[in-house]
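Reading through the structure tokens given below for one structure.
The values are calculated or read from the model by the stated rules, or taken from the named source; none is laboratory data. Not measured: the values here are computed from a predicted model. Note: ideal-geometry Cβ built from the backbone for every residue, glycine included; neighbour counts use all protein chains shown. SASA here: full protein model, heavy atoms, side chains in, ligands and nucleic acids out. Shrake-Rupley method; radii C 1.70, N 1.55, O 1.52, S 1.80 Å.
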Amino acid sequence: MPLIHIADMLNHAYENHYAVAAFDVVSLDFISGVMAAAEEKHAPVIISLAESHFEHFDFELLMAAVVRSAERSTIPVAIHLDHGESLESAVRAVNLGCTGIMVDASNQPLDENIAKTRAVVDMAHACGIPVEGELGYVPGVEGEDAERHPGDVQYTTVEEARRYIDETGADFLAVSIGTVHGRMKGEPKLDIERLARINDALKLPLVIHGGTGLREDQYRSLIDNGVTKINYYTALADAAGQRIKANVESETNCSYTSHTHGVAEAVQHEAERCIDIWGSSGRADAMLASCRPWLAVEHVIFFNTEKLNTAATEDMMNEGRKVIGSIPGVQRVFTGHAVDEDSSYRHCWVVRFSARAVIDSYRDHPAHQDFADNRFRPYAGSRLSIDFEECNVEK
Ligand code: 13P
């Protein structure tokens, strides 16, 4: 039962005063290192994929590996889109298997930030998926020197935070209280007093971006004041990069595998250090016992067509794959023909929904209604339709 509801995960952390690590991954070595660290520490973990990193990997391919690594894990896992830039990328992330979405419009005026966040919340909530928004501005870019992207920290204010949460319905809030993304220049100075006031006003899980480079006592103060998710990347990337540099310097041959060996272990080592400091070590069992598992739903339809020959049936099914596959919450569409020609039903759709909530939002989605009313139901005279929720398999 590895994938669990991220809202339950962060609420558990909030109530028990620790933070779950949200590690950005950019390769299979990062996924392996982060998952090995979480397994070793028996800790819950959030695997994050940042839209700003999409130029470095194929999002769809890496998501397949993330989903598979969550499925085979024994510790609680959530999969998060980090710094999603648009509604379109949020839909794509949901359909590829993310169980939490961050929308980041924090560099825009408040009204626009609220409107963009609200649109993502409406879509994601209809798929049963919680949303993290960001208010105030955390400058910098993950993995780079902060001084190369100076910007100015724009601190989150309590009043705006209240309005933002009321008007967007976001489930978690990323706050700006002095951290920056990437390598810091100088000593980090955090406005913990501001964080405490935001926490008092909102009483919901808070998120810190720019987790690299803080002192242990600073992490502790963040967690004492409502931070339950710490986003972390640059130090993992530096550990990986240093390992590659050492390999390059010590190896005589020039092969890819000799230059990259040990990268997963370097990532694992740094991830374990964070998990220990942030207090999530050893929390896996308690969390699994108290949080809802994340269960997919298969929407299965068996049918026979009337007034359509084989080629026209195939056309209708191909069209449906495209239309249905783009509806938020639809992770996969399988269309098939019965192998046994004597079967009572000759054709099927098997549509995988990311969660139970999609049963309703899919049924009511205009693209589905149009296809069902005009292209499917008039020709699929006899049919049987059943939604199956995945069994909760004990590990
Ligand atoms: P760092 O790269 O500074 O650790 O920040 C990561 C982050 O905030 C990802 O969203």
Compute the Kirkwood hydrodynamic radius of the stretch 110-234, taking the inverse of the mean of 1/r over all pairs of distinct Cα atoms, and give it in Å to one decimal.
14.8
When the label point is put 7 Å from the Cα of ILE386 along its Cα-to-beta-carbon vector, which residues of the stretch 323-350 have a backbone N closer than 12 Å?
none
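Give me the orientation-averaged projected area of the Cα convex hull of the chain, in nm², one decimal. Don't skip to the answer; put the middle values down first.
Details: hull surface 88.1 nm².
Computed as one quarter of the Cα hull surface, the answer is 22.0 nm².
Return the subset of LYS189/LYS229; LYS41/LYS116; LYS41/LYS203; LYS229/LYS322; LYS41/LYS245 for which the Cα-Cα distance in this structure is over 31 Å, preserving the input order.
Working: LYS189/LYS229 19 Å; LYS41/LYS116 37 Å; LYS41/LYS203 28 Å; LYS229/LYS322 36 Å; LYS41/LYS245 28 Å.
Violating the 31 Å limit, Cα to Cα: LYS41/LYS116; LYS229/LYS322.
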Along principal axes, largest first, the alpha-carbon spread of the stretch 154-207 in whole Å comes out as 36, 20, 17
How large, in Å, is the stretch 49-164 by the Kirkwood hydrodynamic radius built from its alpha-carbon pairs?
15.3
Accessible area of LEU3 in the full protein assembly, 1.4 Å probe (Å², nearest 10):
30
Mind checking which of ALA50, THR234, GLY169 is farthest towards the positive end of the chain's charge dipole, using Cβ charges of +1 (Lys, Arg) and -1 (Asp, Glu) about the Cα centre?
GLY169
Using a Gaussian network model of the chain whose springs link C-alpha atoms within less than 10 Å, name the residue from THR234, THR74, THR157 with the highest mean-square fluctuation.
THR157
Short to long, in 10 Å steps from zero, the percent of alpha-carbon pairs of the stretch 59-110 per bin is 24, 47, 22, 6, 0
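Taking the Cβ of VAL300 as the centre, find all other residues whose Cβ is under 11 Å away and add up their charges (Lys, Arg: +1; Asp, Glu: -1).
0
Per residue, how much accessible area does the chain show when a 1.4 Å probe rolls over the protein heavy atoms, in square angstrom? Let's see the in-between values first.
Numbers: 17280 Å² over 395 residues.
Per residue, the chain has 44 Å² of solvent-accessible surface.
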Quick one: the Cα spread of the stretch 1-112 along its three principal axes, in angstroms, biggest first?
41, 34, 19
Could you tell me how many degrees, from 0 to 90 and to the nearest 10, lie between the Cα long axis of helix 87-96 and the main elongation axis, the longest principal axis, of the Cα atoms of the chain?
70
Counting pairs of Cα atoms in the stretch 253-395, how many percent are more than 28 Å apart?
46
Taking the Cα centre of the chain as origin and charging only Cβ (+1 Lys, Arg; -1 Asp, Glu), how large is the dipole, in debye to the nearest 20?
460
Mark the label point 7 Å from the Cα of GLU341 along Cα→Cβ and return the residues of the stretch 300-321 whose backbone N is within less than 15 Å of it.
310
Obtain the radius of gyration and the Kirkwood radius of the stretch 236-297 from its C-alpha atoms and give Rg over Rh.
1.23
Over all directions, the stretch 180-253 yields a Cα convex hull whose mean projected area in nm² is 6.0
Relative packing of peptides 95-106, 261-272, 300-311 - highest average C-beta neighbours within 10 Å first:
95-106, 261-272, 300-311
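First measure r as the distance between the Cβ atoms of GLU15 and GLU314, then evaluate 1/(1 + (r/R0)^6) with R0 = 35 Å and state the FRET efficiency to the nearest 0.05. Don't skip to the answer; put the middle values down first.
Details: r = 53 Å, r/R0 = 1.52.
Plugging the Cβ-Cβ distance into 1/(1 + (r/R0)^6) gives 0.05.
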Residue-span extension gain [GLU39 to GLU144] - 0.36 nm each, minus C-alpha spacing:
34.9 nm
Gap separating the Cα centres of the stretch 215-230 and the stretch 1-68, nearest whole Å:
19
Of ASP82, ASP29, ASP58, which is the most mobile in a GNM of the chain whose springs link Cα atoms less than 10 angstrom apart?
ASP58
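Which value, in Å³ per residue, describes the convex hull spanned by the Cα atoms of the stretch 200-332? Walk me through the numbers on the way to the answer.
Numbers: hull volume 31.6 nm³, N = 133.
In the stretch 200-332, the Cα hull volume divided by residue count equals 238 Å³.
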